[in-house]
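**Student:** So that we are looking at the same thing, I have put the structure below in structure tokens.
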Amino acid sequence: MKRFKSTIPVFIIIISLILSGIQGVSRLRVEQSKKDVQLLVAYNDIKKASEIYGKSFEEILISLKELGVGGVLVKEQTIKSETRGNMASWEEQGRVSVFTGSELMLLETMAGMDSDKINPVHYYLWIPDEKIRNNIQKHIEYKLGEANLVEINNQLFLDAGYSANDIFVLGTGYPMEDLEIIASQGLFVSPQIRHWPKANEDSLEFVLNDIKNIPNLGTVYFNDATIPGYSTSIMKDFAKSHKVGIVEFFSEKQKGLYSLLRNAANSGGNYNSIRLHTLADGEVSSLTPSRVIDRYLLASTERNIKALLIKMPVTDQADKDFEDWYRIIDSIHKGLTEEGYRVTTVPEPINLPRPNSLLIWTIGLGPIFLILLFGKWIDKEKWAWLFAAGALVIWTGLLIIRPVLARQLMALAAAIFYPTWAVIYCMSEKKKSWQEVLLTFIKVCLMSFGGALTIVGLLSETSFVLTIDLFRGAKVAHIIPLILVPILIEYKRGNLKAKKIKELSFSPVTYLTILIFAIIAVALIIYISRTGNEGPTSVYETMIRNLLDKILGVRPRTKEFLIGHPLMLALLYYGYKDQYAPLLLGAVIGQISIVNTYAHIHTPIMVSLIRTFHGIWIGLVGGIVLIYITKQLAKLGRRWGLWEA
């Protein structure tokens, strides 16, 4: 019976990992088959280039198409721009002239005309093109209310009311004549819809019909922090029948977008959505062309981005900006092709096969039954069985009631339990031979990798690839193992008994001890601040990262090959001692990092596998070098009498 009880957890964990591996292989196949990317340029950049360089709109389009551009992103036009030079307003394109009532009254007075029809606090729009005038009038009427035509001095003016803000931010349609030219070149048009206050069924129907009339309609994006009418049936129906885009680093802040996409995907069955990456205007102008190219290539190859909006640099060297823009687009196209990607006009969305609930439930048993191994290791099997039984009930119930949350919590448990178990199980006080060190190091990494596999098995679903859903608790997953590992090791060694704790509490504290704890505290603060994608990086670190990317293709994690793995090898070689506790924390970091690499579900699995492989072999070399250096220092110390032989 005892043998059965000890065998069953291992058997269940193995089954969980096998099923996770099957999930991973299935995802890998989809990722390998969906390697198409669309190159986009901004409509306003084409207009600027046409104005500055004296080339026709069509000429520039033809040149861009030859470079591999497959689509044009067009922001919904405003009447007037707050900043000059962005060509995103009717006024800047010379289609609309904007006057305040006071300005018109002055002109009328100077011309000796009657100005009784003019309200001095209103804005008046002179729009010679009747089609554009009618379209703008309808947008104002549907979105704001009233927009009257006023005849002044035999000219028709559109009374836009008194709000200056509206003419800066209100979307008023698209330049259809130019969009026809874009479509005639075989390029797709991706409109970017602006928000307006109090969006209702009528205004939404008008705006969405305007979108449907766009020739060669591509992916639809949203421009502002709130999606207009995201909870209405008309917007949900539109999202079901049209491809809706997610803008990386921006759409997560767009209120209503993710709920709209979930509803359109039939509860997650089929997402008709892709992710777009672009650089901020300031970055495009401040970064070197080679750095800009690298940023775009990494977005597609390492984050499954399907659309790249490549902006034109804007500096004080206009001719160079134009040349750099073309060179950047051409280099990105060539770089993607070399990486095995297909540059296309219509990128296909990634949709992973949906696993059934029983499969997910079984995968989730792995971390639960790992609790039993912890219990056996510290001689608390009965408590472990009770705890595991409770976890099983919670896991089963939560998977029925809140399936996404249940999977996120179980993935977090895997990220904590597996690296913790790997370290405490393989760490010993005994000094090892080189062969034992290498075998044990690989064993530790493989056991930690069980956590990575479990995360892949639990979270490999389209909503996680699109970052609509995310792995939750990244900082917790980085911190908890650092606490658990030393506590469990000390408990196993009998150092956490009441008497021992009391002795330690009343033992004198030296300045050296305070200094060591201060250093550890600072190191932990830096470590925590650097988790996820939020941590700042120095110029030198950025240079090293770029160099590693160039040499290896996929850059390994610094905390693995530079800190965690070398320290793990050293501890395995010399055996763990009390005085090595700070080094133990560093060694644990490497194992935590292995697991958390796979928590970024939007990163292709193959990229994560290569990253882990590079981290292990470089860390292995680093560990051997570290051990050699410590041996040489020990010899010198004994020779100089700094410590006993």
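The values are calculated or read from the model by the stated rules, or taken from the named source; none is laboratory data. These figures come from a predicted structure and were not determined experimentally. Using ideal geometry, Cβ is built from the backbone for each residue, glycine included, and neighbour counts are taken over all protein chains shown. Accessible surface areas use protein heavy atoms only, side chains included; no ligands, DNA or RNA. Shrake-Rupley method; radii C 1.70, N 1.55, O 1.52, S 1.80 Å.
**Student:** Assess whether P367 counts as being closer than 30 Å to W395 by Cβ and open to solvent by 40 Å² or more (accessible area, probe 1.4 Å).
**Tutor:** no
**Student:** So, K376, is that one among the charged types (D, E, K, R), surrounded by fewer than 19 Cβ atoms within 10 Å (Cβ to Cβ), free of Cβ contacts under 8 Å to residues at least 24 places away in the same chain and assigned to a helix (DSSP H, G or I) or not?
**Tutor:** Against the criterion (among the charged types (D, E, K, R), surrounded by fewer than 19 Cβ atoms within 10 Å (Cβ to Cβ), free of Cβ contacts under 8 Å to residues at least 24 places away in the same chain and assigned to a helix (DSSP H, G or I)), K376 does not qualify.
**Student:** Determine whether the stretch 410-429 contains at least one residue that is among the acidic types (D, E), open to solvent by 70 Å² or more (accessible area, probe 1.4 Å) and outside any helix (DSSP H, G or I).
**Tutor:** Checked the stretch 410-429: at least one residue is among the acidic types (D, E), open to solvent by 70 Å² or more (accessible area, probe 1.4 Å) and outside any helix (DSSP H, G or I).
**Student:** Taking the stretch 432-485 as the region of interest, how many residues are open to solvent by less than 30 Å² (accessible area, probe 1.4 Å), of a type in the set (A, V, I, L, M) and not in a helix (DSSP H, G or I)?
**Tutor:** 2
**Student:** Scan the stretch 440-494 for residues that are of a type in the set (S, T, Y) and in contact with a helix residue (DSSP H, G or I) (Cβ under 6 Å, 6 or more places away or on another chain) and jot them down.
**Tutor:** T440, S448, T454, S460, listed by residue number.
**Student:** Could you list, in sequence order, the residues of the stretch 345-373 that are within 30 Å of P289 (Cβ to Cβ) and touching a helix residue (DSSP H, G or I) at 6+ places or on another chain (Cβ under 6 Å)?
**Tutor:** I350 - this is the single residue of the stretch 345-373 that is within 30 Å of P289 (Cβ to Cβ) and touching a helix residue (DSSP H, G or I) at 6+ places or on another chain (Cβ under 6 Å).
Residue-wise test of (1) more than 21 Å from Q38 (Cα to Cα); (2) crowded, with 20+ Cβ neighbours inside 10 Å; (3) in contact with a His (Cβ under 9 Å, 6 or more places away or on another chain).
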position: S184; (1), (2), (3): no, no, no
position: V189; (1), (2), (3): no, yes, no
position: D210; (1), (2), (3): yes, yes, yes
position: N213; (1), (2), (3): yes, no, no
position: F222; (1), (2), (3): no, yes, yes
position: I227; (1), (2), (3): yes, yes, yes
position: S231; (1), (2), (3): yes, no, no
position: K236; (1), (2), (3): yes, no, no
position: F250; (1), (2), (3): no, no, no
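**Student:** To continue, here is another question. Can you tell me which residue in the stretch 257-285 is farthest from N44 (Cα to Cα), limited to those that are of a type in the set (S, T, Y) and crowded, with 23+ Cβ neighbours inside 10 Å?
**Tutor:** It comes out as Y271.
**Student:** Take E201 and tell me if it is over 23 Å from R133 (Cβ atoms) and either in contact (Cβ under 8 Å) with a residue 24 or more places away in the chain or open to solvent by 50 Å² or more (accessible area, probe 1.4 Å) (or both).
**Tutor:** Working: over 23 Å from R133 (Cβ atoms): yes; either in contact (Cβ under 8 Å) with a residue 24 or more places away in the chain or open to solvent by 50 Å² or more (accessible area, probe 1.4 Å) (or both): yes.
Yes; evaluated as a whole, the condition is true for this residue.
**Student:** State whether one or more residues within the stretch 229-244 are in contact (Cβ under 8 Å) with a residue 40 or more places away in the chain, in contact with a helix residue (DSSP H, G or I) (Cβ under 8 Å, 6 or more places away or on another chain) and of a type in the set (A, V, I, L, M, F, W, C).
**Tutor:** If we filter the stretch 229-244 for residues that are in contact (Cβ under 8 Å) with a residue 40 or more places away in the chain, which is where we start, we get 243.
Right, trim to in contact with a helix residue (DSSP H, G or I) (Cβ under 8 Å, 6 or more places away or on another chain) and you get none.
Within the stretch 229-244 (the criterion being in contact (Cβ under 8 Å) with a residue 40 or more places away in the chain, in contact with a helix residue (DSSP H, G or I) (Cβ under 8 Å, 6 or more places away or on another chain) and of a type in the set (A, V, I, L, M, F, W, C)), the answer is no, since none of the residues qualifies.
**Student:** Could I ask something else about it? Please find, among Y598, Y574, the residue that is at pLDDT 90 or above and more than 18 Å from C445 (Cβ to Cβ). Quick ask: steps written out before the conclusion?
**Tutor:** Working: Y598 fails: more than 18 Å from C445 (Cβ to Cβ).
When all the criteria are applied, what remains is Y574.
**Student:** Oh, and also: Counting only residues that are over 18 Å from G21 (Cβ atoms) and part of a loop (DSSP other than H, G, I, E, B), which one in the stretch 594-618 is least open to solvent (accessible area, probe 1.4 Å)?
**Tutor:** H602
**Student:** Which ranges mark the helices (runs of 4 or more DSSP H) fully within the stretch 1-108 that have 1 or more residues being open to solvent by 70 Å² or more (accessible area, probe 1.4 Å) and polar (S, T, N, Q)?
**Tutor:** Those helices (runs of 4 or more DSSP H) span 2-33.
**Student:** Same structure again: Provide a single number: the residues in the stretch 42-76 that are touching a residue at least 24 places away in the same chain (Cβ under 8 Å) and polar (S, T, N, Q). Give the steps one after another, and end with the answer.
**Tutor:** Narrowing the stretch 42-76 to residues touching a residue at least 24 places away in the same chain (Cβ under 8 Å): 42-49, 51-53, 57-58, 61-65, 67-76.
Next, from what is left, pick out any that are polar (S, T, N, Q): 44, 63.
The qualifying residues number 2.
**Student:** Shifting gears a bit: Which pairs have Cβ atoms under 7 Å, sit 6 or more apart or on different chains, and link a residue in the stretch 245-270 that is farther than 18 Å from L73 by Cα to one that is open to solvent by 70 Å² or more (accessible area, probe 1.4 Å) and in a helix (DSSP H, G or I)?
**Tutor:** Note: pairs meeting the criteria are A264/K240; G268/R262.
**Student:** Moving to a separate point now. Using beta carbons and a limit of 8 Å, which pairs, at least six apart or on different chains, have the first residue in the stretch 136-147 and in contact (Cβ under 8 Å) with a residue 12 or more places away in the chain and the second one aliphatic (A, V, I, L, M) and surrounded by fewer than 17 Cβ atoms within 10 Å (Cβ to Cβ)?
**Tutor:** Hits for this filter: Q137/L149.
**Student:** With the requirement that a residue be in contact (Cβ under 8 Å) with a residue 60 or more places away in the chain and open to solvent by less than 30 Å² (accessible area, probe 1.4 Å), what does the stretch 291-321 give you?
**Tutor:** S300, T301, E302, N304, I305, K306, A307, L308, L309, I310, M312
**Student:** Right, another one. Please go through the stretch 256-271 and pick out each residue that is farther than 13 Å from N223 by Cβ and not in a loop (DSSP other than H, G, I, E, B).
**Tutor:** Y258, S259, L260, L261, R262, N263, A264
**Student:** While we're here: Report the residue count in the stretch 345-364 for those that are in a loop (DSSP other than H, G, I, E, B), open to solvent by 30 Å² or more (accessible area, probe 1.4 Å) and either aliphatic (A, V, I, L, M) or more than 20 Å from I274 (Cα to Cα) (or both).
**Tutor:** Keep residues of the stretch 345-364 that are in a loop (DSSP other than H, G, I, E, B), which gives 345-356, 364.
Pick out the ones that are also open to solvent by 30 Å² or more (accessible area, probe 1.4 Å) and you get 345-346, 348, 351, 353-354, 356.
From the residues that got through so far, the ones that are either aliphatic (A, V, I, L, M) or more than 20 Å from I274 (Cα to Cα) (or both) too are 346, 356.
Here the count works out to 2.
**Student:** Restricting to the stretch 327-344, name every residue that is open to solvent by 30 Å² or more (accessible area, probe 1.4 Å), β-branched (V, I, T) and either touching a helix residue (DSSP H, G or I) at 6+ places or on another chain (Cβ under 7 Å) or under 13 Å from D294 (Cα atoms) (or both).
**Tutor:** Answer for the stretch 327-344, where residues must be open to solvent by 30 Å² or more (accessible area, probe 1.4 Å), β-branched (V, I, T) and either touching a helix residue (DSSP H, G or I) at 6+ places or on another chain (Cβ under 7 Å) or under 13 Å from D294 (Cα atoms) (or both): just V343.
**Student:** Ok, one more. Among all residue pairs at least 6 apart or on different chains, which show Cβ distances below 8 Å where the first residue, located in the stretch 77-97, is touching a residue at least 24 places away in the same chain (Cβ under 8 Å) and over 22 Å from D281 (Cα atoms) and the second is open to solvent by less than 50 Å² (accessible area, probe 1.4 Å) and not in a loop (DSSP other than H, G, I, E, B)?
**Tutor:** The qualifying pairs are R95/I132; V96/S89; V96/L125; V96/I132; V96/I136; S97/L125.
**Student:** Tell me, please, whether a residue that is part of a helix (DSSP H, G or I), open to solvent by 10 Å² or more (accessible area, probe 1.4 Å) and among the β-branched types (V, I, T) can be found in the stretch 549-558.
**Tutor:** There is at least one residue in the stretch 549-558 that is part of a helix (DSSP H, G or I), open to solvent by 10 Å² or more (accessible area, probe 1.4 Å) and among the β-branched types (V, I, T).
**Student:** Considering only residues that are aromatic (F, W, Y) and under 34 Å from the mean Cα position of the chain (by Cα), which ones fall in the stretch 134-184?
**Tutor:** Of everything in the stretch 134-184, those that are aromatic (F, W, Y) and under 34 Å from the mean Cα position of the chain (by Cα) turn out to be F168, Y174.
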